[in-house]
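Participant: One structure, pasted below without further comment.
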Amino acid sequence: MRNVIIIGSGCAGLTAAIYAARANLSPLVLDGYEPGGQLSITTLVENFPGFPEGIQGPELIENMRKQAQHFGTEFKSGAITSVDLSKRPFKLTAGNETYECAALIVASGASARLLGVDSERKLIGHGVSTCATCDGYFFRGKEIVVVGGGDTAMEEATFLSRFASKITLMHRRNEFRASKIMLERARANPKIEIMTPVVVEEVLDVSKGGVEGVRVLNTDTKVSSVVPAEGLFVAIGHDPNTKPFVGQLTMDANGYLVTHEGPKTNVEGVFAAGDVQDHVYRQAITAAGSGCMAAIEAERFLESHHS
């Protein structure tokens, strides 16, 4: 039986762990599917306060982890497969292990959807990115490709036009899901060229350790071509890691946890932090801030229930 269990070990989960551990709650962190979250596959992080020269994503996560351990956080690997939040203590199952806790912090994050080509995954952090606001600055004066057809893709392409010399916005269909205003804004931008209907076959060049171009197939003509580029931004959405909570925690239409009064969910004693409930900002610093709030609320909850 634990005071508090934290699901997820990204910025939100680790910040919650630091705060909960310093409050003598002896938290247990379950690492989840992607230990360290999205920062663990990011290279240079330049927008986290306190690092004037920037810091490598995995190093930032490792520092947070050590800090949480220093104050008494316990870590276990494994991803939650099922939960019972109908009564306290809450019951969690991860593989063959079962855990019980008086308070629960869900910081399981959201996974960026990828295109599904091998070369893309191998070049993440080396020219392939899923976050324009995180990485756009690194592409000053460069030609880049943005893939996607929704508002996110239009927004990212427009944002990236502040830095890049040219953006090729690719979509697999001729029609776009994006709202009319966002699409018109992208079309009107002299730096953005729209290319449809194409699918990415390969990101070049894994053997050189960086992006040099994108090979695409025109789905109408069945002709392949290579678009020169030094960066590829995949903007086809995120999937929140909330499957085990379906039917127990309130979610929006896209599966993100709905919170009120900061990190509170619809179940008393269950709190949510980070990208699992935030589809707007999705930054390391906002995730850390919400992890702090979740831990403080969990401490208050446990105090008021004399657990």
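Participant: Among the candidates V227, V270, single out the residue that is within 25 Å of K122 (Cα to Cα) and surrounded by 14 or more Cβ atoms within 10 Å (Cβ to Cβ).
Facilitator: V227
Participant: Run V211 past the list (1) part of a strand (DSSP E or B); (2) among the hydrophobic types (A, V, I, L, M, F, W, C); (3) within 19 Å of D135 (Cα to Cα) and report the number of the one that doesn't hold.
Facilitator: Tallying (1) part of a strand (DSSP E or B); (2) among the hydrophobic types (A, V, I, L, M, F, W, C); (3) within 19 Å of D135 (Cα to Cα), V211 fails exactly one: (1).
Participant: So, in segment 116-160, exactly how many residues are surrounded by fewer than 19 Cβ atoms within 10 Å (Cβ to Cβ) and among the aliphatic types (A, V, I, L, M)?
Facilitator: Residues that pass the stated criteria total 1.
Participant: Residue by residue through segment 1-12, note down the ones that are buried (at least 23 other Cβ atoms within 10 Å of the Cβ) and under 22 Å from E268 (Cβ atoms).
Facilitator: Residues satisfying the conditions are V4, I5, I6, I7, G8, A12.
Participant: I'm trying to understand the selection: among the residues of segment 13-31, which are among the small types (G, A, S), out of contact with any Cys (no Cβ under 9 Å at 6 or more places or on another chain) and surrounded by 24 or more Cβ atoms within 10 Å (Cβ to Cβ)?
Facilitator: Within segment 13-31, G13, A17, A20 meet the criteria.
Participant: What pairs come up if the first residue lies in segment 230-241 and is more than 15 Å from V147 (Cβ to Cβ) and in contact (Cβ under 8 Å) with a residue 60 or more places away in the chain, the second is part of a strand (DSSP E or B) and basic (K, R), and their beta carbons are under 7 Å apart, counting only those six or more places apart or on different chains?
Facilitator: none
Participant: Pairs under 8 Å by beta carbon, first residue free of Cβ contacts under 8 Å to residues at least 40 places away in the same chain in segment 39-55, partner among the aliphatic types (A, V, I, L, M), six or more apart or different chains?
Facilitator: If the second residue must be among the aliphatic types (A, V, I, L, M), the pairs left are S40/I61; F51/V45; F51/L60; G54/L44; G54/V45; I55/L44; I55/V45.
Participant: Could you go through segment 255-275 and let me know if any residue there is out of contact with any helix residue (DSSP H, G or I) (no Cβ under 9 Å at 6 or more places or on another chain), under 29 Å from V145 (Cβ atoms) and not β-branched (V, I, T).
Facilitator: No, segment 255-275 contains no residue that is out of contact with any helix residue (DSSP H, G or I) (no Cβ under 9 Å at 6 or more places or on another chain), under 29 Å from V145 (Cβ atoms) and not β-branched (V, I, T).
Participant: Taking the condition of being acidic (D, E) and touching a strand residue (DSSP E or B) at 6+ places or on another chain (Cβ under 6 Å), how many residues in segment 161-212 meet it?
Facilitator: Within segment 161-212, residues that are acidic (D, E) and touching a strand residue (DSSP E or B) at 6+ places or on another chain (Cβ under 6 Å) number 4.
Participant: Test each condition in (1) without any contact (Cβ under 8 Å) to a residue 40 or more places away in the chain; (2) over 22 Å from the mean Cα position of the chain (by Cα) for G116 and report the one that comes out false.
Facilitator: (2)
Participant: Another question, then. Identify the residue in segment 124-147 that is assigned to a loop (DSSP other than H, G, I, E, B) and either without any contact (Cβ under 8 Å) to a residue 60 or more places away in the chain or under 17 Å from the mean Cα position of the chain (by Cα) (or both) and, among all such residues, is farthest from G36 (Cα to Cα).
Facilitator: G141
Participant: Here is a follow-up. Do we find a residue being aliphatic (A, V, I, L, M), under 26 Å from K142 (Cα atoms) and either in contact with a Lys or Arg (Cβ under 9 Å, 6 or more places away or on another chain) or outside the structural domain of K142 (by TED's automatic domain parsing) (or both) anywhere in segment 215-226?
Facilitator: Yes, because at least one residue in segment 215-226 is aliphatic (A, V, I, L, M), under 26 Å from K142 (Cα atoms) and either in contact with a Lys or Arg (Cβ under 9 Å, 6 or more places away or on another chain) or outside the structural domain of K142 (by TED's automatic domain parsing) (or both).
Participant: Would segment 159-172 turn up any residue that is part of a helix (DSSP H, G or I), among the hydrophobic types (A, V, I, L, M, F, W, C) and either within 24 Å of E46 (Cβ to Cβ) or assigned by TED's automatic domain parsing to the domain that holds A284 (or both)?
Facilitator: yes
The values are calculated or read from the model by the stated rules, or taken from the named source; none is laboratory data. Remember, predicted model here, so these are calculated numbers, not experimental data. Counting neighbours? That spans all protein chains shown, and the Cβs are built from the backbone with ideal geometry, glycine included.
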